[in-house]
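Here is the structure we will look at, set down as structure tokens.
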Amino acid sequence: MDALLGDRHAVPLRDTTFVVLDLETTGGAPDGGGITEVGAVKVRGGEELGVFATLVNPGQPIPPFITVLTGITQAMLVPAPPIEQVLPSLLEFLADAVLVAHNAPYDVGFLKAACARHGYRWPAPTVLDTAALARRVLSRDEVPNRKLGTLAGYFRATHQPTHRALADARATVDVLHGLIARLGGHQVTTIGDAVEFSRAVSEVQRRKRHLADGLPRGPGVYIFRAADDRPLYVGTSGDIATRVRSYFTAAERRARMSEMLAAATRVEAVECAHRLEAEVRELRLIAAHAPPYNRRSKYPERAVWLKLTDEPYPRLSTVRSTSPQDTALGPFASRRAAELAAAGIHDALPLRQCTHRLSTRTRFPACALAELGRCPAPCEHRIDPDGYAEAAVDPLRAAITADPQALVDTLLARIDGLSAAQRYEEAAVVRSRLTALLRATLRMQRLTALSVIAELVAARRAADGGWELAIVRHGRLAAAGVSPPRQHPRHTIDLLRATAETVPPGHGPTPRASAEESERILSWLEPPQTRLVSVTGGWASPVRGAGRFHQLLVKAEEAARTTGSG
């Protein structure tokens with residue numbers, strides 16, 4: 001939609017400058033040529049401000065039926081300028097005005113194609129289509145159709161269309177004024193209202209659009225609330241007013257949003273210092289209230305972990321929480337992702353997969369995996385706890401906390417072997433397991449590196465010349481602010497520190513925030529435009545950690561998308 005109806009679209013209709021335009025063409029699809037005549041009238045407040053009219057040499061023969069329809073002959077167009085000579089003056093005439101046409105997509109399509117062919121930038125003006133507007137304003141009982149001649153007759157226009165550009169443009173001016181006179185009864189008073197009214201906006205959207213009134217223009221969170229004050233939907237934007245207003249436009253076509261708007265009675269805005277704070281507050285509000293129309297409320301990220309059990313012969317167990325002494329990998333966004341990573345670990349390491357609680361005193365019968373050589377059979381004590389730890393447990397701990405090289409090499413070798421044997425589907429399965437394992441390990445190491453930092457202060461240059469500031473404590477956003485332009489940010493940082501949330505340490509990669517929150521913070525911290533002001537302790541990842549396999553992960557994910565697997 002046209003710039004999402006910003007401030008210039010709030011201009012009252014009576015103060016809006018319109019350029020009402022009509023083209024005559026040789027027919028056919030717009031291809032940059034074919035225009036034979038341009039007529040345009042500039043008006044404001046019912047007063048004519050200027051006229052633009054010229055014949056145009058289309059550079060091609062005129063079909064006879066066009067001559068019969070318009071009266072324009074080939075001889076009339078021979079001395080006329082080509083469209084590339086007309087465009088500069090026409091675009092200047094259109095500058096800063098709302099473009100009006102009857103069946104506007106046709107005229108606009110020809111002009112855009114002509115600009116593209118001859119190297120002119122199309123100014124993308126706000127466009128108002130009188131045919132579309134008439135369909136919304138006038139009923140079938142009033143007019144049998146929305147042809148320009150029919151509407152001109154209905155409104156008793158001073159000018160009648162004749163299939164000549166200037167005459168048709170003047171007739172469209174009269175029709176426009178007649179339609180504007182009818183818009184008041186629909187509470188349509190601005191050009192933005194008129195553009196939206198002409199589109200397929202529902203009755204609920206028109207009736208509820210006052211909910212967007214008076215909202216702030218800065219970054220923050222908006223909350224649609226029901227009559228009983230329940231949050232229905234939570235969203236975030238860099239411009240709250242513009243974003244909320246878009247829910248009441250033709251651009252919003254989601255069925256669930258229409259249902260939400262019908263139940264909403266007010267919109268609450270929570271202004272934030274900058275976009276990072278807004279995104280974090282959105283996540284926290286959705287987690288706290290589970291608004292019914294947020295998809296994340298229906299499918300929240302439920303933390304799932306792969307944990308090594310505490311017994312002489314540990315195995316992997318899928319759990320919802322961990323303790324400080326646990327060796328665990330996660331958090332995973334779903335149980336399926338955890339199962340894929342577990343399968344990758346079992347492909348690479350001889351970890352037992354049975355669920356018995358084994359001891360060094362009692363023996364159990366060996367399973368089929370032991371017979372296949374894929375398990376060292378600790379159940380039958382074929383391996384002692386120290387040997388089992390050296391073969392399976394220690395490599396997994398090293399992969400999780402430091403270097404996953406051994407697991408990656410084993411899985412890549414298996415993929416290569418399966419591919420060489422032309423067992424491509426099996427190779428794709430192993431690749432999906434490698435992808436899940438790498439993704440989880442990389443995620444955990446990134447999150448852990450941030451969560452161990454007691455306090456990190458970062459700054460990013462704001463659009464107005466000030467600084468966006470964030471204080472992060474143990475992976476949680478503790479405070480956010482913006483320092484004024486032309487002022488050293490140190491004073492603002494000191495104030496933020498004094499009022500920031502106290503965040504105690506904890507265990508695991510996300511002890512005090514959701515994984516999603518910490519990842520949003522990381523995505524704000526890691527780009528080069530963000531500057532670190534201070535960090536208590538080091539912010540570092542393992543030197544041979546999972547981060548060095550980032551490109552391998554990207555390639556594996558791309559291969560999965562290409563083949564539709566994974």
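So the values come out like this:
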{"read-out": "Where Asp409 falls short, out of the listed (1) under 25 Å from Leu442 (Cβ atoms); (2) crowded, with 18+ Cβ neighbours inside 10 Å", "value": "(2)"}
{"read-out": "All strands (runs of 3 or more DSSP E) inside the range 208-313 with 3 or more residues being within 30 Å of Ala500 (Cα to Cα) and not polar (S, T, N, Q)", "value": "220-226, 231-237, 264-271"}
{"read-out": "Per-region count, the range 307-321, residues surrounded by 19 or more Cβ atoms within 10 Å (Cβ to Cβ) and either over 24 Å from Gly373 (Cα atoms) or of a type in the set (Lys, Arg) (or both)", "value": "2"}
{"read-out": "Test result for Leu55, under 39 Å from the mean Cα position of the chain (by Cα) and surrounded by 15 or more Cβ atoms within 10 Å (Cβ to Cβ)", "value": "no"}
{"read-out": "Candidate set from the range 440-460 (those that are out of contact with any Ser or Thr (no Cβ under 6 Å at 6 or more places or on another chain) and over 22 Å from Ile400 (Cα atoms)); member that is surrounded by the fewest Cβ atoms within 10 Å (Cβ to Cβ)", "value": "Ala459"}
{"read-out": "Residues being surrounded by fewer than 16 Cβ atoms within 10 Å (Cβ to Cβ) and either more than 28 Å from Thr236 (Cα to Cα) or of a type in the set (Gly, Ala, Ser) (or both) - total across the range 517-527", "value": "1"}
{"read-out": "Near pairs, Cβ below 8 angstrom, 6+ apart or cross-chain, from the range 402-413 (assigned by TED's automatic domain parsing to the domain that holds His346) to any residue that is of a type in the set (Lys, Arg) and not in a helix (DSSP H, G or I)", "value": "Ala402/Arg544; Asp403/Arg544; Gln405/Arg544"}
{"read-out": "Close pairs from the range 202-216: first over 17 Å from Glu268 (Cα atoms), partner modelled with pLDDT of 85 or more and among the aliphatic types (A, V, I, L, M), Cβ under 7 Å, at least 6 apart", "value": "Val204/Leu261; Val204/Ala262; Gln205/Leu261"}
{"read-out": "Which numbered condition Leu94 fails, given (1) over 33 Å from the mean Cα position of the chain (by Cα); (2) in contact (Cβ under 8 Å) with a residue 60 or more places away in the chain", "value": "(1)"}
{"read-out": "Conditions (1) surrounded by fewer than 14 Cβ atoms within 10 Å (Cβ to Cβ); (2) in contact with a His (Cβ under 6 Å, 6 or more places away or on another chain): number failed by Glu84", "value": "(1)"}
{"read-out": "Meets criteria (touching a strand residue (DSSP E or B) at 6+ places or on another chain (Cβ under 7 Å) and in a loop (DSSP other than H, G, I, E, B)) for Ala454", "value": "yes"}
{"read-out": "Matching entry among Gly475, Gly481, Gly545, Gly506 (being in contact with a Lys or Arg (Cβ under 7 Å, 6 or more places away or on another chain) and crowded, with 19+ Cβ neighbours inside 10 Å)", "value": "Gly475"}
{"read-out": "Filter result for the condition that a residue is in the same structural domain as Arg336 (by TED's automatic domain parsing) and buried (at least 20 other Cβ atoms within 10 Å of the Cβ), over Leu372, Leu358", "value": "Leu358"}
{"read-out": "Any hit, the range 232-248, residues being loosely packed, with under 15 Cβ neighbours inside 10 Å and either within 27 Å of the chain's Cα centre (by Cα) or farther than 30 Å from Ala462 by Cβ (or both)", "value": "no"}
{"read-out": "Options Ala124, Ala152, Ala169, Ala134; residue that is in contact (Cβ under 8 Å) with a residue 40 or more places away in the chain and over 21 Å from Thr17 (Cβ atoms)", "value": "Ala134"}
{"read-out": "Which numbered condition Ile35 fails, given (1) of a type in the set (A, V, I, L, M, F, W, C); (2) in contact (Cβ under 8 Å) with a residue 40 or more places away in the chain; (3) surrounded by fewer than 21 Cβ atoms within 10 Å (Cβ to Cβ)", "value": "(3)"}
{"read-out": "Filter result for Arg486 (basic (Lys, Arg), at negative phi and surrounded by fewer than 19 Cβ atoms within 10 Å (Cβ to Cβ))", "value": "no"}
{"read-out": "Which listed residue is out of contact with any Lys or Arg (no Cβ under 8 Å at 6 or more places or on another chain), touching a residue at least 12 places away in the same chain (Cβ under 8 Å) and surrounded by fewer than 21 Cβ atoms within 10 Å (Cβ to Cβ), from Thr530, Thr492", "value": "Thr492"}
{"read-out": "Residues located in the range 128-157, provided they are in a helix (DSSP H, G or I) and in contact with a strand residue (DSSP E or B) (Cβ under 7 Å, 6 or more places away or on another chain)", "value": "Thr130"}
{"read-out": "Residue list for the range 169-207, filter: basic (Lys, Arg) and outside any loop (DSSP other than H, G, I, E, B)", "value": "Arg170, Arg182, Arg206, Arg207"}
{"read-out": "Answer from Leu90, Leu49 - the residue that is at pLDDT 95 or above, surrounded by 14 or more Cβ atoms within 10 Å (Cβ to Cβ), within 30 Å of Pro12 (Cα to Cα) and assigned by TED's automatic domain parsing to the domain that holds Ala152", "value": "Leu90"}
{"read-out": "So Pro385, is it touching a residue at least 40 places away in the same chain (Cβ under 8 Å) and not β-branched (Val, Ile, Thr)", "value": "yes"}
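Okay, residues lined up against (1) surrounded by 16 or more Cβ atoms within 10 Å (Cβ to Cβ); (2) of a type in the set (A, V, I, L, M, F, W, C); (3) in contact with a Ser or Thr (Cβ under 6 Å, 6 or more places away or on another chain):
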site	(1), (2), (3)
Ala132	yes, yes, yes
Arg140	no, no, no
Val143	yes, yes, yes
Ala152	yes, yes, no
Pro161	yes, no, no
His186	no, no, no
Thr190	yes, no, no
Val201	yes, yes, no
Val204	yes, yes, no
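The values are calculated or read from the model by the stated rules, or taken from the named source; none is laboratory data. Computed from a predicted structure; not experimentally measured. In this analysis, Cβ positions are derived from the backbone assuming ideal geometry, glycine residues included, and neighbour counts consider all displayed protein chains.
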